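Structure, as structure tokens:
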Amino acid sequence: MKNNVTRLLVVLLVGVVGVAAQAQGNKKNNGRAREVKVGAVLDVGVGMVGKMGLNSITMCINDFYVSNPRYKTRLQLVLRDSQRNVLTAAAQALDLIKNEQVEAIIGPVTPMEAMFVMNLGDKAHVPILTFSATSPTLSSIHTPYFFQIAQQDITQVEAITAIIQAFGWKEVVPIYVDNTYGQGLIPSLTNSLQKAYIRVPYLTPIDYSASDDAIEKELYKLMTMQTRVFVVHMTPPLGTRLFSIAKTIGMMDQGYVWIVTDGMANFFNSLDSSIMESMEGVLGVKPYIPRTKQLRDFRARWKRHFLRDNPTLVDINLNALGIWAYDATTALAMAVEKLDTTLSGFTHVSNNSSNVTDLENFGVSRNGEKLREALSNVRFKGVGGDFKLVGSGELQTSPFEIVNVIGNGERNIGFWMPQKGLIRNMDDKNSTTRTSAYSTCKKNLGTIIWPGDSYSVPKGWQIPTNGNRLRIGVPVKNSGYSEFVKVIHEPVTNSTTVRGFCIDVFNAVVLDALPYALPFDFIPFEKPNGEMAGTYDDLISQVYYGKFDAVVGDTTITANRSNYVDFTLPYTESGVTMVVPIRDNRKKNAWAFLKPLTWDLWVTTFCTFVFIGFVVWVLEHRINSHFRGPPSYQIGTSLWFSFSTIVFSHRERVASNCGRFVVIVWVFVVQILVQSYTASLTSLLTVEQLRPAITDVHQLLKNRLNVGYLEGSFVHEILKDLGFQEYQLKIYKSAEECNDLFTKGSANGGIDAAFDEVPYVTRLLQIYCSKYTMIEPKFKTGGFGFVFPKGSPLVSDISRAILNVTQGDKMKTIENAWLNGSSCPESSAQVSSASLGLESFWGLFLVIGVSCALALIIGTLLSIFNEKDMNSHTFKKSKLKQDASVASSPAHHHHGIGSAEASPNTHCPASPYSYTESSFYGDQGMFSPDRHGYGTAQGHETQDRETRVARDDTQEEAVATNSNNTNSEAT
């Protein structure tokens, strides 16, 4: 029993000791951080980027855990050398995933290597972090486990485009390495340039392993072209060879422009001084890294650490790639800390089998998904600035710095920001907040030293240096209009001279106004017999097909031609117009007096006269005895009254106010019509009237008259579009032939009108100024311009020079020399009908119509209101007074010679014109115009006016009674 107790105590003691030992062991394990394996696939043999990246990664691991001693994880770097080979990089990445079971891989260096490795990482759920593979084609694959901790190449194309826009260059030739890295940028670059209307006439790919002779051959090919602006997208090893050869063959001289991407600009501070001197004047674009105190301290430590491991590489300095490698390692360390420490290693998804390849015989990382999410959400302020991943794992876009290579170094000349464009200083807040507009102004850049040690901005193009002069085609005019272009062959000297208005303008532009020399030769577009070798369209097409470098002559700018070639600004007046004969239209026949007014105005005037007579009759016949009587008498009196207003000889008195209002307005209208008619008739009969024989193109079409046009002119198509038949179209070659066709007329095989361009018509009118004139229609064209190939940089320069010439005295001198100015009267004035039309006077007829309508309405209302007729109111009073007057008048018993007879078979009084002269102007003074004038009989007139009217009516009745008595006695 005692032995059993002793034995139990021993067991308990051993157990307690074991538990204590295990607890002590666990405590020690908990105090030590867990190591997490991460791989690195870098070119650390001879590659500059690999060495730089490795130095930054090792420094970051040491710096990070010194700054964060409490972290429970530690990155254990497993390095593999890619040997700058795609297959080797893929094999090393596979080894890291399968055998080392790393949680993440930093690298590889090149896009081609990254494209293979990223697929392995996606399958194994192992994040791949690259700090140097910047090709945009990598992000287009959309693998969730791939992170580009770098600025993509496409982010810099807008900065390059802004620089080119700032200096106004219109053509650019990209030169790039012919691999995935170089090809990835070109689509984005050309698209950005084309949006800014910058042409890319040629692409120059150069193989990475190309020999110096192959590079030199490509550069010589570029020298034979006009473009002198080049964008270079290459890695430093190939790019430095390219610039050394360009320096040797003279492509780094004045007039050239070289812009390099960040692929080379990032290494300007690490290139040999001799290479930098060969690149003097080059512009570079590289990501902007804020110059903080943290960066300055890190740069100094980085250099010491790098030289300790690479003592022979004294020229290598830190750049953006090394900074991104440092920040990428920091982000990875922060993300690993967030992982679950209880999970590690890989989950095998396939068993070992002899039928399974090594590429398929590896598992999936247990922490892969969480590590990917942690990396996507990492935020911190790193050496390169604010660290943040956007999109599908790319580093957020930063501004770009623009540098200029000077001597063996570089100098900052400005910056580019996505929202602001070009700015001068990143530290100046005013430069970035002054305006929200995107800027491409070159004033925002500092002073630039261009290739050839020049401060003058290159124009971006030059005449090719292959020794060829510009071949300029000119039209041949053997018969007419040689004032514009004239080709003279000298059989003795076997030489050809080209002269004329167009030639002198071109010489003035090129020789005097252009700021540089432009060698050229004029080549006539002719057959062996001296005739022109085709139409003007055929001549212009020679530029399109490359047989001529330009065309100078009387070539018109049209929309169809501009689809194939480019034109300069016009140097003559534009348009196609119609020219017709003119004749003196002074009428010598008996009906010339009808010409001042058109037929519609005559008809309207006549109808208005009749209408006015009717209106006055309506307003007056109830109350005015002058407008009473038989129907024929009333019609005659009304028409007589209306038409007599032409000469203001109307004698009938108007009694009503409404009638007076109508007459006053009508007299005003008649006066204007009479004065206008008199002036127009005087002009027609006395002034020379030169009127066109044809006034409208529709008149030509309606009468099927012939028209002419200049041989070889595009006007033929215009005439066909207007509807002229082919048999109506006649060709002439000169102004003299055109005049002969006009003389014949359509009846004799000639023409009645000609269609031609304004310069030719102007010349025709200068020769025959008294026979022809220009009239509408005028078809718009661009005028005469010089022809160049599509996209030619000469177009803009020569167009500006044309403006300088045409706005100065030189153009007037050339015109006077060849076109001799015209002493004729202005012949281009628009010609229209000389007859006065209704459109000139419809306002007057509107006024008189409204006046008549108002008078009729008011008169009718007053008539209804007062119930006026011959038996009421004023006339009733007049009747009473008349009876009294007749009873006491001696004329009631005696017959006088001044009596008037009443109209038989009617109740109306006698016509006023049946009275004798003594009756009208006798001693009583009845109807004497000197004493009475025109009276009224309105019901609401004043009492004095009513009395006067009553007295007049009484006198009229008395005269009528005397006349009746006299007639009875005579009977």
> How do Lys123, Lys381 line up, fewest other C-beta atoms within 10 Å first?
Replying inline: Lys381, Lys123
> How big is the gap, in Å, between the Cα center of segment 467-505 and the Cα center of segment 134-153?
Replying inline: 61 Å
> Want the number for Ile635 to Ser376: 0.36 nm per residue separation, take away the alpha-carbon distance, what's left?
Replying inline: 82.6 nm
> How many nm separate the modelled label positions at Lys338 and Leu722, each set 7 Å beyond the Cα in the direction of the Cβ?
Replying inline: 7.9 nm
> What's the exposure ranking of Arg499, Arg704, Arg70, going from fewest to most Cβ atoms within 10 Å?
Replying inline: Arg70, Arg704, Arg499
>> Please compute the modelled spin-label separation between Arg308 and Asp600, points set 7 Å along Cα→Cβ, answer in nm with one decimal.
In response: 10.3 nm
> Which links in Lys381/Lys442; Lys477/Lys744; Lys72/Lys370; Lys123/Lys370; Lys702/Lys744; Lys51/Lys123 stretch past 22 Å when you go from one Cα to the other?
Replying inline: Lys381/Lys442; Lys477/Lys744; Lys51/Lys123
> What is the extension gain from Asn529 to Lys37, computed as 0.36 nm multiplied by their sequence separation minus the C-alpha to C-alpha distance, in nm to one decimal?
Replying inline: 168.3 nm
>> Could you list Glu737, Glu394 so that the one with the fewest beta carbons within 10 Å of its beta carbon is first and the one with the most is last?
In response: Glu737, Glu394
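Every number in this text was worked out from the coordinates using simple rules, so none of it is lab data. Since the structure is predicted, the reported quantities are computational estimates derived from the model, not experimental observations. Cβ atoms come from the backbone with ideal geometry, glycine included; neighbour counts cover every protein chain shown.
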